[in-house]
Every structure is written in C-alpha cells, then in structure tokens.
C-alpha cells in the first residue's frame, strides 16, 4: 500500500502484453494501451509477454508499476487473440454447463499451471469463491485444459466478470476478452 495524504491506497493488479520501446514501457490489454511508470530494466525481459503487473492507475498511466512477484507470463503469438481463440470457442460452446458446476461463479480464459508454476498453455479457468470448491470438474473441455481457482486479490475485477462473447456494445470487446458486465 502507498500512503496518499494520510490515506492508504492499495496496489492493484493488471494483466496484458508488456511492450518495451524507445518511448517507454506500455501494457496492452483488450485494445487499450496503458503507459507503465516503473523500472524499465525490470520490464525489458518481459517484452512481448502476457504479464501480471502491480501498480496504481492514474488515468492512462500505471504508477509504481512492477512485474507481479509470480507473474503469469507467456509468449504470445503475433496476436494474443490467436492464442485464446480455441479457449473462447470452447467456453462459448460449453458456457452453460461450465457455469452450472456447483461452486463456479465465473468462467474466463487464462493460463494453465503445473506444479504451482504458470505454463504457456492456455486454459479455461473456472472461478470459485475463496472458501468454496468447484463440484466435479473435467480435466479438459473440447481438448482445452480446465482449472478451478478461488477468486483472490490477484484476480482484480476479472474473476467476477463474464465472458463478453460479443453480447455487449463495447468496442474493446471484439477480442472476446473478459470484462465486468
């Protein structure tokens, strides 16, 4: 937490593709580009990777930006959309059944974990409340790995969100990213 005028302001978590260029460091997420204000050298090895970043948003800048201690990073093909197309298609085709699993209150694309470490393999993430477990969960849906995870501070608002699937009118949702309704 950072103190501002006596009040504490918590750091927040943001996810997107880090870009390190001559003009600075940015985070691209869902068609939006945010400038990261932080140590450029810490972001240099993450250039082009989907990464979790901590910081405080101030307009179009994330101040005191730093890679999360255990970043969820993976190499992204030319377009992050390409990487997640099979995942969003599987979610779209099975959304009702996935949401009907006891304990599940959100479904989103994400990255698979193996032995507690993030992998570069996309997965369907079933979001549960921290104190609940998901009912019986298949290990794969349409060939895509499925993981159940408790909602926590690292999920920001995304875990409570729904997958847009083009149902909203936001221009930034063309990529079928997750957002709050």
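Worth a mention:
- Residues of the stretch 94-106 include at least one that is at pLDDT below 85 and in the same structural domain as residue 149 (by TED's automatic domain parsing).
- Any hit, the stretch 145-160, residues being at pLDDT below 50, outside the structural domain of residue 14 (by TED's automatic domain parsing) and over 26 Å from residue 46 (Cα atoms): yes
- Some residue of the stretch 66-83 being modelled with pLDDT of 85 or more and either over 16 Å from the mean Cα position of the chain (by Cα) or surrounded by fewer than 17 Cβ atoms within 10 Å (Cβ to Cβ) (or both): yes
The values are calculated or read from the model by the stated rules, or taken from the named source; none is laboratory data. It should be emphasised that the depicted structure is a prediction, and the values quoted were computed from it without experimental measurement. As a convention, Cβ positions derive from the backbone with ideal geometry for all residues, glycine included, and neighbour counts pool all protein chains shown.
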